[in-house]
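Novice: Shown below is the structure under consideration.
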Amino acid sequence: MDRFETANRFAGASPTRRAMLAGAAAFALAAALPAPHATAQNAAMAQKIADHFSSVKTMTGEFVQFGPRGEQTGGKFFLERPGRIRFNYEKPSPMRVISDGRSVVIGNMKLRTWDIYPLSKTPLALLLDDRIDLKGKMVRDVKEDPDLITIKLGDKSVFADSTITMMFDPKTYELRQWTITDNQGKDTSVMIFNTQAGVKFEKSVFEIPYDEVHKRNTNNK
């Protein structure tokens, strides 16, 4: 499956799964790729954000997600370079997003259903590398205000017809919030807080139950 095919799968997924995977993908691009027509100042600023984010090898924190109809969910996330990330949504949501360095899965723990994607074919691969590659043309806009740095990203091969707008602290370059806008103009926003870097995780945090994933997918064919 090439990157365009993965984008088509992503576009055809349910709104809930699109929001979850795209929301996770926003982390992958939190370092902000320089815009094709960005000024030298904006490109330098984007590189500083990339350098800061790349230096974070492990991180955990909490998040709150706001849907296009005003619905609100929260949970915790865990990140470890290279290749691993996990989003646990709080009850009553049964959803999980997990990357183990090889694959990314979106799981419904109540229904025991799973969608699986190759990590290398998703934007998360950018996040989870030890070094974030800035050789891209995804940035549509970079805006720097006294209290906020805003970067808008869009690329059909990665996000289909969606765009992602991310907001950073201009002093610390820490990610505060991102918003995914779909092809109908509907927004899903995620705020993160209580973050902590330099933590250690058990291997089980990022384990994917491949036997269950493949069994379920085989039965559904």
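Novice: So, in the stretch 162-178, of the ones that are assigned to a loop (DSSP other than H, G, I, E, B) and modelled with pLDDT of 80 or more, which residue ends up surrounded by the most Cβ atoms within 10 Å (Cβ to Cβ)?
Specialist: Only one residue tops the list, namely Tyr173.
Novice: Any chance the stretch 139-157 includes a residue that's crowded, with 21+ Cβ neighbours inside 10 Å, modelled with pLDDT of 85 or more, more than 19 Å from Phe77 (Cα to Cα) and in contact with a strand residue (DSSP E or B) (Cβ under 9 Å, 6 or more places away or on another chain)?
Specialist: yes
Novice: Output the residues belonging to the stretch 179-200 that are surrounded by fewer than 16 Cβ atoms within 10 Å (Cβ to Cβ) and over 22 Å from Val56 (Cβ atoms).
Specialist: Asn183, Gln184, Gly185, Lys186, Asp187
The values are calculated or read from the model by the stated rules, or taken from the named source; none is laboratory data. As the structure is a prediction and not an experimental result, all values here were calculated from the model. Every residue, glycine among them, receives a Cβ derived from its backbone with ideal geometry; neighbour counts consider all protein chains shown.
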